[in-house]
Amino acid sequence: MSADILLVIVVVTALAFDFTNGFHDTANVVATSISTRALPAKLAILIAAILNFVGAFLSLEVAATIASGIVDSGEITLQIVFAGLVGAIFWNMLTWWLGLPSSSSHALIGGVVGAMLIANGPDAIIGEGLLGKVIIPAVAAPVLAFGVAGIAILFIYRIVGRQRPGPVTRGFRLGQIASGSLLALAHGTNDAQKTMGIITLALVAHGSIGGTDPQVPLWVVISSASAIALGTYSGGWRIIRTMGSKIIKMDAAQGFAAQGSGAAVILAATHVGFPLSTTHVISGGVVGAGAAKRLSAVKWGVAGNMAIAWVLTIPAAGLTGGLAFEISDLAGGGTRGPIVVLVLIAVLVAAFLRSRRVRTPPPLAEGAA
Amino acid sequence: MSGAPVPLALSVWGELLEVIVVGAVAGIGLAIAFAFLVRGAAQSSAIRHGEREGSLVLNLALVALTSAICIGAVVFAVYEMVSG
């Protein structure tokens with residue numbers, strides 16, 4: 001009974017993370033299309049949600065592992081996975097609140113690393129894996145996308161510069177719809193698999209499915225696809241605004257350069273077997289497409305805040321993941337620990353919401369009367 | 001053949017270099033191909049409406065060629081996703 005409850009907690013938390021992942025990363029797919037009016041906002045988000053859902057069914061190849069090669073896989077327990085998920089959800093919600101795009105994958109890795117560090121000490125962390133699979137790609141992705149989108153927009157302006165603006169704008173808007181759709185499909189394929197991997201791991205640990213060559217059950221695929229699609233459909237508007245208009249005011253050609261070359265970079269990297277963060281690539285692409293036209297067109301303060309958020313992702317999610325594990329452990333671990341953590345989170349969220357309601361000033365009409 | 005394992009750091013740098021080359025070629029190449037597609041389509045439309053002089057056939061050929069490149073890129077991308 002106790003193991004069943006723990007399984008339900010981990011599955012629900014994993015689906016909650018999947019929802020925040022879709023919610024948080026909507027901007028990667030739709031921000032430039034909305035900003036350049038390639039698509040109306042609601043239609044763009046609906047298409048992104050549907051393609052995320054479809055994408056989740058395309059491949060189940062990498063649904064087996066979590067933070068593989070970064071932490072000692074043999075030491076991962078459901079309590080660590082739960083604490084890691086709490087850390088990732090916390091960071092996703094905080095960066096959404098601040099309107100800053102950041103990598104959900106890195107948040108999950110950070111959460112698991114933090115929980116693992118508290119649970120098993122530094123020996124359970126594979127430093128070289130963390131450097132090679134997370135830190136180097138995190139630095140390389142935005143720099144590469146910045147350069148590629150910057151060079152791409154210079155070529156684009158040179159090729160279409162003397163054409164009538166109307167047909168050119170319409171053409172690049174169509175290109176944005178195509179590249180955005182590809183990105184949404186790729187996002188569903190890659191990111192929903194992380195949740196499928198976590199739930200499959202939980203089912204193996206619970207004994208519901210066999211440990212040797214475990215197959216992802218259909219209900220796991222459907223629920224993960226639904227959670228990420230629902231999250232995408234909910235739309236993280238704060239981040240959409242930051243990516244779509246706060247970094248640069250972009251035209252359709254810049255939107256296509258950022259998104260089209262970004263999609264090409266992401267899929268090329270997947271082909272090589274060196275996956276890059278969609279968030280880092282698209283954000284770098286947006287800044288590159290703006291800076292190539294005019295350096296002063298980029299609001300460097302906003303770009304700097306994004307960079308700070310990226311640097312802080314793993315430490316902050318790790319700290320929260322470690323804290324969640326410690327509280328869970330102090331509460332007795334097992335099933336009781338995660339329940340105590342969930343109750344604590346509910347209390348903190350309620351207190352936060354209450355504090356915001358209290359601070360709301362009374363309507364002016366009451367004062368005037 | 002030596003069975004000595006390659007240090008992880010070295011293999012990471014090799015993969016990174018490959019990503020930079022493949023990513024740059026794919027990203028910039030696709031943008032150039034699509035820009036020529038837009039240019040060909042805009043010029044074809046202008047020629048057809050008598051707003052501009054030039055060879056309609058050449059512009060349509062440019063549209064066909066660049067469309068094939070872009071569609072090929074999309075098909076390859078979907079294949080990459082499906083094959084994992």
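The values are calculated or read from the model by the stated rules, or taken from the named source; none is laboratory data. All values derive from a computational prediction rather than experimental measurement. We place every Cβ from the backbone using ideal geometry, glycine too, and count neighbours over all the protein chains shown. In case anyone asks, the SASA skips ligands and DNA or RNA and just uses the protein heavy atoms, side chains included. Shrake-Rupley method; radii C 1.70, N 1.55, O 1.52, S 1.80 Å.
Mean separation of Cα pairs under 8 Å and 6 or more residues apart, divided by the residue count, gives chain A a relative contact order of 35 percent.
Leaving out ligands, DNA and RNA, calculate the buried accessible area for the pair B and A with a 1.4 Å probe, summed over both sides, in Å² to the nearest 100.
Values: alone 6630 and 17120 Å², together 20530 Å².
Adding both sides of the contact gives about 3200 Å².
Under a model in which nothing but the beta-carbon of Lys, Arg (+1) and Asp, Glu (-1) is charged, chain A shows a dipole of about 2140 debye around its Cα centre.
Shape annotation for the range A:100-241: C-alpha extents along the principal axes are 65, 35, 31 Å, from largest to smallest. How fast does chain B diffuse by Stokes-Einstein, in µm²/s, taking the Kirkwood radius from C-alpha pairs at 20 °C and 1.002 mPa s? Once the numbers are plugged in, D ends up at 135 µm²/s. Residue by residue along A:186-198, Cβ atoms of other protein chains within 10 Å of the local Cβ number 1 on average.
Inter-chain neighbour count for A:248-260: the average number of beta-carbon atoms from partner chains within 10 Å of each residue's beta-carbon is 2.
Of the cross-linked pairs A:K133/A:K249; A:K194/A:K249; A:K42/A:K246, those separated by over 29 Å at the C-alpha level are A:K133/A:K249; A:K194/A:K249.
Taking Rh as the Kirkwood radius computed over C-alpha pairs, what is the Stokes-Einstein D of the range A:239-347 at 20 °C in a medium of viscosity 1.002 mPa s, expressed in µm² per second? Rounded, D is 129 µm²/s. Helix A:336-359 versus the longest principal axis of chain A: what is the Cα-based angle in degrees, 0 to 90, to the nearest 10? Compared with the principal axis, the helix lies near 50 degrees.
Between A:V349 and A:L218, how high is the FRET efficiency from 1/(1 + (r/R0)^6) when r is the Cβ-Cβ distance and R₀ = 41 Å? Nearest 0.05. All intermediate terms of the calculation are to be shown ahead of the outcome.
Numbers: r = 33 Å, r/R0 = 0.80.
For R0 = 41 Å, the calculated efficiency reads 0.80.
Stokes-Einstein diffusion of the protein assembly as shown at 37 °C, 0.692 mPa s viscosity, Kirkwood radius from Cα pairs, rounded to a whole number: 143 µm²/s.
Once divided by 2.2 N^0.38 Å, the Cα radius of gyration of the range A:204-280 becomes 1.59.
The angle between the Cα long axis of helix B:8-48 and the main principal axis of chain B comes to about 10°, on a 0 to 90 degree scale.
For the protein assembly as shown, what is the accessible area per residue in Å² when the probe is 1.4 Å? Walk me through the numbers before you get to the answer.
Details: 20530 Å² over 453 residues.
Ligands and nucleic acids excluded, the figure is 45 Å² per residue.
Atom-type composition of the exposed protein surface of the protein assembly as shown places 69 percent of the accessible area on carbon and sulfur (1.4 angstrom probe).
Quick check: the angle from helix A:165-206's long axis to the longest principal axis of chain A, C-alpha only, nearest 10 degrees? For A:165-206 against chain A, the angle is about 10 degrees.
The mean sequence distance of close C-alpha pairs (under 8 Å, at least 6 residues apart), as a share of the length of the range B:17-83, puts its relative contact order at 34 percent.
Could you calculate, for the range A:264-309, the ratio of the Cα radius of gyration to the Kirkwood radius, expressed as Rg to Rh? Can you show the working numbers first?
On the way: Rg = 12.4 Å, Rh = 11.6 Å.
So for the range A:264-309, dividing Rg by the Kirkwood Rh gives 1.07.
Using the Cβ-Cβ distance between A:T77 and A:F57 with R0 = 35 Å, the FRET efficiency computed as 1/(1 + (r/R0)^6) comes to roughly 0.75. Within the listed set A:A258, A:A307, A:A149, the Gaussian network model of chain A (springs between alpha-carbon atoms below 10 Å) gives the highest mean-square fluctuation for A:A307.
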